[in-house]
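Heads up, the thing below is written out as structure tokens.
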Amino acid sequence: MKKYIFVTGGVCSSLGKGIAATSIGCLLEARDLNIRMVKIDPYINVDAGTMSPYQHGEVYVTDDGAETDLDLGNYARFTSSPITKASSITTGQVYQEVIRKEREGHYLGRTVQVIPHITDEIKRRIVRVGEDPEVDVIIIEIGGTVGDIESVPYLEAARQFILDFGKSNVLFVHLTLIPEVGGGELKTKPTQHSVKELHEIGIQPDLLLCRTPRMLDDDMRRKISLFTNVEEKAVISAYDVNTTIYEIPLVYHEQKVDGIVIEKLGIPKKKINLARWSSMVGTFQRSKNQVKIGIVGKYIELPDTYKSIYEALFHGGLANEAIVELVKIDSQSLEEAENPEEILDAVDGILVPGGFGKRGINGMVRTVQYARERGKPYFGICLGMHIMVVEYARHVLGYADADSTEFAPESKHPVIALLADQVDVTAFGGTMRLGRGETRLNAGTKIREIYGSDVIFERHRHRYEVSNKYRKELESAGLIIAGTTYDNSLVETIQWKDHPWGLGVQFHPEFTSTPLEPNPLFGSFIRASLDYGK
Ligand code: GLN
């Protein structure tokens, strides 16, 4: 029998439900169980692809080209659960499917309703993720907070899992907040209320993960247990860790979370092996070298827009036993700065991440010129690679108006232009070049050496590319085309010649980086930044 674990959140948002869900996944994998992770987002958008970074953090892209919530990135970094289109469920998808079936006559004669039609579609989507006979446990994170109007059908569907599969196969984990007020007193009332809301829906949590500034004492746990009907041993202190989020599975394990989960689900006990994970956290704690990386983007004030990049830089740090300090630089401010050098001099390496739209572009061009001329390590990802080409065309080829048609459709030197298959596309949702693609790396290039392979697979999310019309000219002026698609039709990666580390990639290597297997580009970039100026 498959086991289902639902993770809900109470009191307020941003308590780290994704990290909680994936930490449980991490521990179950360490107990040799085969798991799958699913994220439910109760919004009506079909996916996250069309949402602004102000509404939504990073858009995480899967191998099969889904544009999803950033929690799926957390799942991919903490577990080896395959993350695909099916791992992300939104209200938009659920309704789209039910309405499609209704139009096809699937429900002929019946009134189509939230219960059972919407809830059945939700359940079908969850069950489908665990279809593979090898799968033991499916962990489902329900986005939002218990009490939100939008989450009601999902909680109802979750409740019905008990009817469909039996209580012994379904577990409810509730993440809640124990705030500190006044003179440092911890308060349980918000937790009592949020569990009460679950009770009203017919859900009794089996495990409470209490977000708290410090370990809860026994009295406090007893009190929470009494008011919520959750066994005392299953009231867990999910206290704030001040090292790295990757320590959280260890904090849970210390409090026997994995043991309680498998006992409650009746899963035969297997020994846990957390050796690799603990040693990775140990590497971080031991790391002494410091390196400053400047991220020049236009949404740097938001904590989550470049989530996977920040994590991948951290992984690159692990690969070098180094602590990476992120210096977030607003590209627009560099446009106006009299001496952008002063800001950029303070960092050891520079990364320009992906992005859309014109704002701040010239600040990025100034950044790239600085890094190229000073020999400072530079890593351009997607938009960051486009800027490298624009800068090269302006300052080396001498085309002062060189640009991308994304920002200047009228440019006489459009060195970056729409992909051929994008020219007639008018709809926005899911229409970019998306997902996993093959790149052939050319012999003798730095990136070929870094990956140690001629062929690599990374993920894409873009509409514009290096214009093939300018390829020859750029190459003769010294820009190295280091890799292309298998048919040589698209430029996938470029390199500055006579520069210690200047690489641009059309793909997004940050999505495949994990703390146990850092993406090699990030490891190498951090190494070069550590060596800069030595
Ligand atoms: N805006 C650029 C494009 O659509 C770059 C996209 C990105 O950086 N992800 O091609």
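The values are calculated or read from the model by the stated rules, or taken from the named source; none is laboratory data. Nothing here was measured: the structure is a model prediction, and the numbers come from that model. Cβ sites come from the backbone with ideal geometry, for glycine too, and all protein chains shown count toward neighbours. Side chains are part of the model used for accessible areas, which takes the heavy atoms of the whole protein and leaves out ligands, DNA and RNA. Shrake-Rupley method; radii C 1.70, N 1.55, O 1.52, S 1.80 Å.
Quick look at the values:
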read-out: Residue match in segment 30-37 (condition: part of a helix (DSSP H, G or I), surrounded by fewer than 24 Cβ atoms within 10 Å (Cβ to Cβ) and out of contact with any helix residue (DSSP H, G or I) (no Cβ under 6 Å at 6 or more places or on another chain)); value: yes
read-out: Residue among Ser529, Ser513 that is more than 16 Å from the ligand (Cβ to nearest atom), open to solvent by less than 60 Å² (accessible area, probe 1.4 Å) and touching a strand residue (DSSP E or B) at 6+ places or on another chain (Cβ under 6 Å); value: Ser529
read-out: Only listed residue being part of a strand (DSSP E or B) and either away from the ligand (no atom under 14 Å from the Cβ) or open to solvent by 10 Å² or more (accessible area, probe 1.4 Å) (or both), chosen from Leu326, Leu334; value: Leu326
read-out: Pick from segment 360-377, criterion open to solvent by less than 10 Å² (accessible area, probe 1.4 Å) and farther than 11 Å from Val296 by Cα, ranking: farthest from the ligand (Cβ to nearest atom); value: Lys376
read-out: Condition met for Ser467 (of a type in the set (S, T, N, Q) and more than 16 Å from the ligand (Cβ to nearest atom)); value: no
read-out: Matching residues, segment 257-277, being surrounded by fewer than 15 Cβ atoms within 10 Å (Cβ to Cβ) and part of a helix (DSSP H, G or I); value: Glu263, Ala275, Arg276
read-out: Pick from segment 411-428, criterion open to solvent by less than 50 Å² (accessible area, probe 1.4 Å) and more than 22 Å from Ile481 (Cα to Cα), ranking: nearest to the ligand (Cβ to nearest atom); value: Gln422
read-out: Where a residue in segment 349-360 is within 24 Å of Tyr532 (Cβ to Cβ) and its partner, wherever it lies, is in a loop (DSSP other than H, G, I, E, B) and near the ligand (Cβ under 7 Å from one of its atoms), with Cβ under 6 Å and at least six apart; value: Gly354/Cys382
read-out: Filter result (part of a loop (DSSP other than H, G, I, E, B) and surrounded by 14 or more Cβ atoms within 10 Å (Cβ to Cβ)) within segment 108-132; value: Gly130
read-out: Selection within segment 277-299 - of a type in the set (S, T, N, Q) and under 19 Å from Thr514 (Cα atoms); value: Ser278, Ser279, Thr283, Gln285, Ser287
